[in-house]
Structures are given as C-alpha cells and as structure tokens.
Amino acid sequence: MLIANRGEIALRVIRACREMGLATVAVYSDADRGALHVPHADEAYRLGPAPAAESYLRGDLILEIARRSGTDAIHPGYGFLSENADFAEACAVAGVTFIGPPASAMRVLGSKTKARQAADAAGMPRVPGSVTGLADAEEAVRVAAGIGYPVMLKAAAGGGGKGMRAVFGAAELPAAFAAASSEAERSFGSGEVYLEKLIERPRHIEIQLMADEHGGCVYLGERECSVQRRHQKVIEEAPSAVVGEELRRRMGAAAARLALSAGYVNAGTVEFLVDAAENFYFLEMNTRLQVEHPVTELVTGLDLVHMQLRVAMGEPLAIAQEDIVLRGHAIECRIYAEDPENNFFPSPGLITRLVQPGGPGIREDCAVYEGWRVPLDYDPMLSKLVAFAPTREMAIDRMLRALDEYVIGGIKTNIGLFRRILMDEDFRSARIDTGYLERLLAEGTALPQKAVLEDVVALAAALFSASTKSEAVVAEVAVESRWAVAGRREGLRL
C-alpha cells in the first residue's frame, strides 16, 4: 500500500495497514525528509522538492514509485490528489487499486456543479443557484438577480474555503467573481465557479457514508461542523446536538440515495445546510475520507480506514444500517501552527517543546515531535485532538482538560482559541451556526489567561533544556492548577 500523502493522515493510514498486515510505502518531499510518516512506513521514497506542485501533486511520479515498489494499491488520504478523477483513472490504467470511489463517480459527485445536477436528479433539496459553472461575471450578475442577494460564489473543483466569496450586492459581484475564480485556479487548477443563495445562520451538518461494490451503502450518523472560520472547519462534533432520530434518518437516506445513483464506492461525505425549521439543503459531496472522521469512529466504534481497505479489496460491507448505533459524544479540535492574535498568520518553525495530552477519552492524531521544524509549504495543521465522553457536556470538559495539558513551544498555535470557544456559553448550549465563530472573534481577541502564560512556560522549558538544572526547575514555573487556586480560596494550604 502506497500512501500518497503526508503528516497525520499518512501516519493514520500506515497504522491501519499495519493492523491489517499490509506492507506500506511512504512518499516524501524534501521538506518532509524528517517527517514521522517516513520512518513508520516499511519503505519510503523521495518525491521531489518541497512545493506540492513538484511533489505530492505529481501523480506521474507517485505512480512511478508505485511501479518500482511493487505497490498494489494507493491511499490518497485527503487533500492533494484525493479527489482527482484523472489520478484515480490513471491508477486503474496502471493496475493499481485507488482507495476511493471510481473515477466515474468522482467526476459526477466530486465536481460541485455536477453534484448539484445529480442531487436534482435524485430529488434532493438543495440551495437555489446555478447548476453549471458561470461563464463570466455578467452571467453571475444575471443569476444573482434571479435568486436575490446575499449570494455565495464557490469553486466547482474543490472546497476548504478556497474560491469562496459572499456577496451582498450587485456592485460587489464582478470583483468577487474575479477573485474567487483566480483563487480557485491557483488552488485546484480550475477557475470554474458557481453561485448559490447564501442561507444566513444555517448549521453545517454532514453525513458520513460507506458503500461497497455490491450495492451496499450505509450512513454512519452525522457530524456538526458549524464552527468555521472563513468557511474552514475549526471544531467538529458527533453527533449534532440538534439532530434527532427522524432528521438523521431523512438526511442519511437522502445521502445514500445520491451515492447509489452515481455508482459510488468507498468512503464519502454528503454535506448539508440545515435551517432553524430543520429543513436541509444539499451543499456538496466530498469523495474521500474527511479530516474529521475520528469523531465518527468514536461514536460508532468503527474504523473507517479499515472499512475503506476492505471495500477496496472487494469485500461487502460487514454491517447493515440497523447495526449502526451512536453512543456518547465526540469533539475534535484542529490544532494549527497559526497565530490567532495576528489574524491567524501561519507560524512555521522549530517545535522546541512538546507536551501532549492523554488520559481517559482522549485521542490525538498527530505527526509532529519535539525538534520537528514545521514547514511553510503545506497546510499548517499539526494534529487533531479528539475528546470522547458519554455526554456532550462531559466531552467539552474533557477537551478543556486536555487543552490545559497541551504545550507546544517555539511556534504559535490556536490552542488558546479553543479554550475560549469551549468556555463560551453559546457553544456550551449548542447555540451555534456557520457564522458563530466570526461573531465570537468580532467581540475581541483576548484569550484565556492560560494561553497568555503558555509562552512563559515554553520559554522556561526551553531554557531548562539548554541547562543542567534538574526537572524541578520546570515544575516551579508551571501554571498553577485550578484545584490549588480553589484550595487557597478556601483558606487551605495545598
């Protein structure tokens, strides 16, 4: 198995392969020569220079390495070539199994505009707007006039917030169209954009699917992905606090119907917008494994990567829809090397100190280590921290505890921002929508005191590492626990 990716998802797939007795092949760019996924694989091959266009996006080089290493299958992870139908087709021509849907299904559902046409054919409700790419800004103005403002421009060939622009009036549209198209071209190699009605204050809820080659398809519950910044997910949960059994059944059945109509196979996610009246609208389909798949794994007890591999081997699904039961609650925080205090500017550099959280109910999908230099060339995500507990309230508190334990020195991170979100009363009460985080940030950027002290702790730890003093020195400068503070408040000596 060759893993055509990097970072934590490459390591995640390598571990699943090892559990199933499959040998693994890693690929790496020059920037990733010291990355953790490289030594964890059975073999590793250099792809090329650091820029993704010269390494991880070079399908021809990846297939050449597959040939040289005798690879039987390629797992693309997410991002890079994971939703590239031409690459999936090239794998099939080369006799290598692509761990994902067939190219034909990807072309129908991976393109945002074609997916909207498929949704119409499958009788799914969707957001009003164009079902084909816009020819130019003039066409965008005509379509917007027909559905009314505000509207949203979106890239047809990709997601992740790239090539998206909200437009609130006709005067803004030509410039927004040019900017969205240009960004889409840079990000996905296609400047095609489409336009849809902007639904204000919706929830972003997605359904996880798994389908086999024998006509079997199950939905594995939903994920709440409404906490977003600039259309990029920040926190994900499973299940959603507002989705009941009936709404889950209706959304799941609609998602499965769409997948089956397109001959879909393997893991995929159908994304919806849901309004206050529980009306749901098709948004798009991601024809790959999602970043947030761990929360689904925790509440279902299933391993999605194992399922992907077994489906790719031609096995039928081992579970039926009635076998899937959701238990407990899981929350995922995407830990990024970025500075929330400086407009979320990327913070690459050397990790001088790393103390990772643990304990009951904590999972971390991570591929960084102390002494690793975070490159500027790729997405700045460092890890995915996940908390699982019997209830949502307990999962939030467990995540806060884990964030208190987490120390990453030498670079800036968004750990403090997560504390602020998880302590916010609107979040704790599940009063969230896709605009929630932007409103919270607009209230001010002051982070909890623990975040302010982290730099002091990291500096003390770094100084200690360069000295010969005992470990006790670090303990003396550690942040005091809430327990000790509460004890002194009661006049106790702890």
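Every read-out reported here was derived from the displayed coordinates using simple, explicitly stated rules and does not represent laboratory data. Quick caveat, the model's predicted, so the values are computed rather than measured. Ideal geometry is used to build each Cβ from the backbone, glycine not excepted, and the neighbour counts take in all protein chains shown.
Points to keep in mind about this one:
- Loop-located GluC sites (Glu not before Pro) in region 155-223 (DSSP state other than H, G, I, E, B) with a sparse environment of at most 14 neighbouring Cβ atoms within 10 Å: GLU200.
- Counting 0.36 nm for each residue step from ALA276 to VAL325 and taking away their Cα separation leaves a gain of 15.1 nm.
- Each part gets one Cα centre, and for region 271-317 versus region 395-416 those centres are 27 Å apart.
- Sequence-distant contacts, meaning Cα pairs under 8 Å at least 6 residues apart, place the relative contact order of the chain at 12 percent.
- Extension gain, LEU260 back to GLU54 (0.36 nm per residue minus Cα-Cα distance, nm): 70.6 nm
- Taking each DSSP H run with n ≥ 4 as -39500 (n - 2.57) and averaging over every residue of the chain yields -10500 deg cm²/dmol at 222 nm.
- With K and R counted +1 and D and E -1, the other residues having a Cβ less than 12 Å from that of THR300 yield a net charge of -2.
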